[in-house]
Structures are given as structure tokens and as C-alpha cells.
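Engineer: Please find one structure pasted underneath; my questions will follow.
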Amino acid sequence: MRSPCYATSVVDENPEANEKRSLKKVLIYCDGSSLGNGQEVSRAAGVALLGYKGIWRAVGEYIGQATNQQAEIVAAAVGLETLREPCDVDLHTDSRYVVETMNGRYRRKTNQKWWQRLDEAAARHRVNWQWTRGHVGHLLQETADATARRIAAAQRVDENTLRDAVDRIGTVTEYD
């Protein structure tokens with residue numbers, strides 16, 4: 001049985017304070033990949049690794065022809081869309097484009113439909129957008145990157161690929 005998101009034993013006159021105190025704390029590490037980025041024929045995918053109390057789940061989406069920026073946006077969206085209830089999320093990505101845009105420091109000049117999807121996915125959660133340097137050996141970020149590349153190359157999401165990602169991570173509870 002899945003544990004409830006909201007604590008029932010805590011009562012406060014301020015319902016907003018109650019909600020903030022009782023949200024599940026979830027980690028998401030995500031990455032997008034576009035093989036052939038900027039070319040006429042590209043293959044793109046987004047992957048998110050979701051962690052809750054040391055238990056990890058991998059989700060991915062093959063998006064076909066898209067840019068790397070679009071794949072990065074989808075990776076964050078697919079992770080947030082997977083959550084079944086409002087959560088307190090630390091979302092890590094190696095895309096400054098996603099982090100700076102979602103934190104309001106970059107203007108949205110292009111990719112409007114992709115940003116709309118991410119806005120809708122993030123709306124019911126409290127999201128802390130964090131940039132993580134990519135390609136420096138960070139276990140979770142490297143796993144998300146490798147899995148996104150595998151899905152893009154295969155042109156489909158394969159359960160074995162997602163399972164391999166979870167197996168690679170193990171039971172990491174926190175990662176800096």
C-alpha cells in the first residue's frame with residue numbers, strides 16, 4: 001500500500017503551512033539527448049530518475065525529431081508527470097537552459113509548447129530547480145544521460161533499459 005502524501009496527525013490553523021510540512025520529499029535527476037541534434041533527422045529522448053527514501057524508478061520518453069533543448073525540457077516534464085501526488089521535489093539537470101528558465105532568469109523565446117508541458121507538470125509540486133554539471137562522473141546524472149542516449153538510439157523506450165538504469169543506481173539515498 002502506498003503511503004499518503006499528507007500527514008493526518010499534524011493539525012495547524014494555516015492549511016498552507018500544513019501542506020508544506022507534509023509533502024513527500026522526492027529527488028529527480030533528469031537528462032535529455034538528441035542524437036543528430038540540429039540535423040534534418042534527429043532522434044531524441046528524455047529520462048528522469050525519481051528517488052524516494054532510497055528507492056529509485058526510471059522513466060523515459062522517446063520524442064522522435066527534436067532538439068537537445070526540447071529533450072531536456074521533456075526529461076524534466078516526464079519526471080514531474082510521473083509523480084502521483086503533489087510533492088516537494090529537488091530536480092537536478094545538467095541543462096542550465098531548463099534551470100534558468102524555470103527560475104525566471106531566461107526569457108522563453110522558443111519551444112513554447114514544450115515549456116507549457118513543463119509548466120503544467122510542475123504546477124502541483126514545489127520544485128527546487130538545481131543545475132548539476134554533466135559529464136563529470138556524477139552517478140545519477142551520468143545514468144540519466146546514458147539512459148536517454150540509449151532510448152534515443154533505439155528509437156523507443158525499453159523496460160530493460162530503464163531497469164538497467166535503476167540497477168546501476170542501487171539504493172542511493174542522497175547524492176551531492
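Engineer: Across region 145-172, what is the total count of residues that are under 18 Å from HIS135 (Cβ atoms), touching a strand residue (DSSP E or B) at 6+ places or on another chain (Cβ under 8 Å) and modelled with pLDDT under 95?
Structural biologist: 1
Engineer: Looking only at region 155-166, which residues are free of Cβ contacts under 8 Å to residues at least 60 places away in the same chain and farther than 22 Å from THR93 by Cβ?
Structural biologist: Listed by number, the residues that qualify are ASP158, GLU159, ASN160.
Engineer: Which residues, taken from region 34-54, are touching a helix residue (DSSP H, G or I) at 6+ places or on another chain (Cβ under 9 Å), touching a residue at least 60 places away in the same chain (Cβ under 8 Å) and under 19 Å from GLU85 (Cβ atoms)?
Structural biologist: ALA48, LEU49, GLY51
Engineer: Still on this model: Which residues, counting only those in region 136-149, are within 17 Å of the chain's Cα centre (by Cα) and free of Cβ contacts under 8 Å to residues at least 60 places away in the same chain?
Structural biologist: The answer is HIS138, LEU139, GLU142, ALA146.
Engineer: Further question on the same structure: On the basis of being on the phi < 0 side of the Ramachandran plot and in contact (Cβ under 8 Å) with a residue 60 or more places away in the chain, does VAL89 make the cut?
Structural biologist: Answer is yes for this residue.
The values are calculated or read from the model by the stated rules, or taken from the named source; none is laboratory data. Here the structure is a predicted model, which is why all the values come from computation and not from measurement. Virtual Cβ from ideal backbone geometry, glycine too; neighbours counted across all protein chains shown.
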